[in-house]
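Okay, structure first, notes after.
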Amino acid sequence: MSNPTSSTPSLLSRLLPVLNWAPHYRRDWLGADLLAGVTVAAFCIPESMAYAGLAGLPPQAGLYGSLLAVFAYAIFGTSRQAAIGPTSALSILVATGLAGLSLKDPARYAEMAALLALMVGAIAVVARVFRLGFLVNFISESVLTGFSAGAAIYIATTQLGKLFGIEGAHGEFVDRIAYLFQHRGDTNPWSLGLGVAVIAVLLVTEKLAPRIPWALVVVAASILLMMFTGLGGHGIRITGEIPSGLPPFRLPSFTLADAQALLPTAFAVFLLSYVEGMGVVRTFAAKHKYPADANQELLAVGAANVVCGLGSSLPVGCSMSRSAVNDQAGAKTPLAGAISGLLLAVIVLFFTGAFTQLPEPVLAAVVMIAVKGLVDIPALRRLLRVSPREFWIALAAMAGVLLFGMLEGVMIGTVLSLLLLVWRASNPSTVLLGRIPGTELYSDLARHPDNEIEPGSLVFRVNAGLFYANAPNVKADLMEAIGQQGKAVRLVVIDLSSSPYVDVAAADMLAECHEELAGQGITLRVSNMNGEVRDMMRRDGLDKVFGDLGPAQSVESIVGQWKKAGARASQ
């Protein structure tokens, strides 16, 4: 897609990305956007209804969310392929948060879900004002991989009750599995058979013809089965009546106490919605080579949730499964999302009656198939092969989701990622260097044992910046290396070519090392400092300690000067 030629877009065009792509819209994109919009609408009808059920809401709430959110995102969003609406993970989190309020009245429950969407939107807009989009960078890809896998398993187990025809399977992952095992004798074989048959059909058909919205096809077929066969007499639960008409727009009634009670859940839903959404946005931005604006996505998520809150829906976010369908169908611009919204508006106005006979085991099967792609086995294998520590972080995030809940899993994985980051920063790699034969260059002795070593010298490099957290460990590594060489060492050179910064605590450590080694008759010099490090050390007076701190002080020059001084002293 073409980008505006202006290098300094106006504030209005930055806040409303639609002003950037709409004026440059090309006629030949319309066919692809139209096909994508129709395909996504067909795909998200059963999915939205199922996700509303996950949240404890009537099916129309999910349809309202899918209908309204896409228009807001088309105006404020930056992704050309991302499709926004209710998601399985958000629905579970909404249900978990509202369950703690002990709401018995369904109407009151729906009011609180809408209020939650409004609060999520408000939090996102405030975050945009303070440009907090950078925070998403602290949630690593390994955490997202583990979270997605855990979320898929978690969500799939929420559907097992509908699939087996067993009522009352609630609580967290372990509780649900235990309940279903204890009540396995209550399984409705007709419900289970129908659900398993739908799963099998979806697994086969998505391989044979992935562009066809098979979820909608099986939904339509199952409704016909319930209407024209005796299948309905075997205890299979159905969706029931779905009100027709556009969503009622109004501010949900609430008190200050309601808002205070929902605030922790609102922050949790906002965090999950934004993390999920940026994962989707970054994925397709990288695939199609265009930039993603993390701060603008805050505004897009905020606007979509505010509209959904006013439209009697639930919190929304970008859906990976729906976005993948949108991309596969050829979406070129956010207009594809708006087209899907228009089609959903037609559905809720005129065709909701067609879904009253939809069997619940079929909805369960649709959800289970939709989330299976969240378990990225190749990504987990890659983590295990390339970075075992990150693999275990991914597994910790997955286990956190299953044992404690959605947000808890993200938090566990994120905290572990940050701890790993801190550990790496405080325990940097340190190596001994030797001169590459025939050159003035130095490299790692452990990797290149044929490198030359000047007798009596030791060249030590830190492969990281030097600061207060790692200075003690760097000093310990240096002293250990000197100790392993015995009394033969008379010159130590610390190569700072891989240290882009040195703070005051690290400078103090270098001065301490100089003093301690001088007491042992060992000269300590520093080399290959960048300009910023040299300026800092001069301001601290370390040029009086180490001598010349100029840019010409390479390892080779320092070792050469030392050799010449030793030769003169021996004459």
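The values are calculated or read from the model by the stated rules, or taken from the named source; none is laboratory data. Source: prediction; values computed, not measured. As a convention, Cβ positions derive from the backbone with ideal geometry for all residues, glycine included, and neighbour counts pool all protein chains shown. With ligands, DNA and RNA removed, areas are computed over all heavy atoms of the protein, side chains included. Shrake-Rupley method; radii C 1.70, N 1.55, O 1.52, S 1.80 Å.
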### Computed over segment 81-238, the ratio Rg/Rh where both radii use C-alpha atoms and Rh is Kirkwood
1.02
### Task
Can you tell me the FRET efficiency between ALA32 and SER498 if r is taken as the Cβ-Cβ distance and R0 is 41 Å, rounded to the nearest 0.05?
0.25
### Message
Just to confirm the filter: which chymotrypsin sites (Phe, Trp or Tyr not before Pro) across segment 441-542 are DSSP coil and have at most 16 other Cβ within 10 angstrom of their Cβ?
### Response
TYR468, TYR501
### Task
Measure off, as a whole percent, the carbon and sulfur share of the 1.4 Å-probe accessible area of segment 106-233, all protein chains present.
72 percent
#### Entry: Residues ARG14 and THR187, FRET efficiency given R0 of 45 Å [Cβ-Cβ distance, rounded to 0.05]
0.20
### Query
What list of ³J(HN,Hα) values in whole Hz, one per residue of segment 252-257 in order, does the Karplus curve 6.51 cos²θ - 1.76 cosθ + 1.60 (θ = phi - 60°) give from phi, with Gly and Pro shown as x?
x, 6, 7, 10, 4, 5
### Summary
Between LEU251 and ASP105, the two model label points (7 Å from Cα along the beta-carbon direction) sit apart by a distance in nm of 1.9 nm
### lysines with Cα under 30 Å of LYS162, excluding same-chain neighbours fewer than 8 positions away
LYS104, LYS207, LYS372
### Task
Could you let me know the centre-to-centre spacing of segment 499-571 and segment 164-206, using Cα atoms, in angstrom?
70 Å
### Message
How many angstrom lie between the Cα centre of segment 259-304 and the Cα centre of segment 98-116?
### Response
24 Å
### Query
In square angstrom, what is the accessible area per residue of the chain with a 1.4 angstrom probe?
45 Å²
### Query
Under 25 Å Cα-Cα from LYS289, which lysines qualify once same-chain neighbours fewer than 8 residues away are excluded?
LYS332
### Message
Suppose the chain between ALA354 and LEU403 were pulled fully straight at 0.36 nm per residue; how much longer would it get relative to their current alpha carbon spacing?
### Response
13.8 nm
### Query
Once the Cβ-Cβ distance between ASN463 and GLN485 is put in as r, and R0 is 30 Å, what FRET efficiency do you end up with, to the nearest 0.05?
0.90
### Query
Where the centre of each part is set by its Cα atoms, how far does segment 422-485 sit from segment 15-40, in angstrom?
56 Å
### Message
Run through segment 432-464 and list the trypsin sites (Lys or Arg not before Pro) located in a DSSP loop whose Cβ has at most 14 other Cβ atoms within 10 Å.
### Response
ARG447
### Message
Show me, for segment 133-141, the HN-Hα J-couplings you get by feeding each phi into the Karplus relation (A = 6.51, B = -1.76, C = 1.60, θ = phi - 60°), rounded to Hz, glycine and proline as x.
### Response
x, 5, 4, 5, 5, 7, 9, 6, 5
### Query
Got a number for the accessible area of TRP562? Probe 1.4 Å, square angstrom, nearest 10.
70 Å²
### Task
Please figure out what share of the DSSP beta bridges in the chain is antiparallel and state it in percent, rounded to the nearest 5.
50 percent
#### Entry: Potential extension, THR229-ILE436 segment - 0.36 nm per residue separation minus Cα distance
66.2 nm
### Task
Mind checking which aspartates and glutamates have their Cα closer than 17 Å to the Cα of LYS475? Skip sequence neighbours fewer than 8 apart in that chain.
ASP495, ASP503, ASP508, GLU512, GLU515, GLU516
#### Entry: Computed [θ] at 222 nm, deg cm²/dmol, the chain (DSSP H ≥ 4; -39,500 (n - 2.57); rounded to nearest 500)
-20000 deg cm²/dmol
### Message
What distance in nm lies between label points placed 7 Å from Cα along the C-beta direction at LEU208 and ASN137?
### Response
4.9 nm
### Quotient of Cα Rg and 2.2 N^0.38 Å for segment 163-257, N being how many residues it contains
1.47
### Task
Calculate how steeply helix 406-426 sits against the longest principal axis of the alpha-carbon atoms of the chain, using the helix alpha-carbon long axis, and give the answer as 0 to 90 degrees to the nearest 10.
10 degrees
### Task
Could you work out the Kirkwood radius for segment 304-345, taking every pair of different alpha carbons, averaging 1/r and inverting it, reported in Å?
11.5 Å
### Message
For a quick check of your reading of the filter: which trypsin sites (Lys or Arg not before Pro) in segment 9-58 sit in a DSSP loop and have no more than 11 other Cβ atoms within 10 Å?
### Response
ARG26
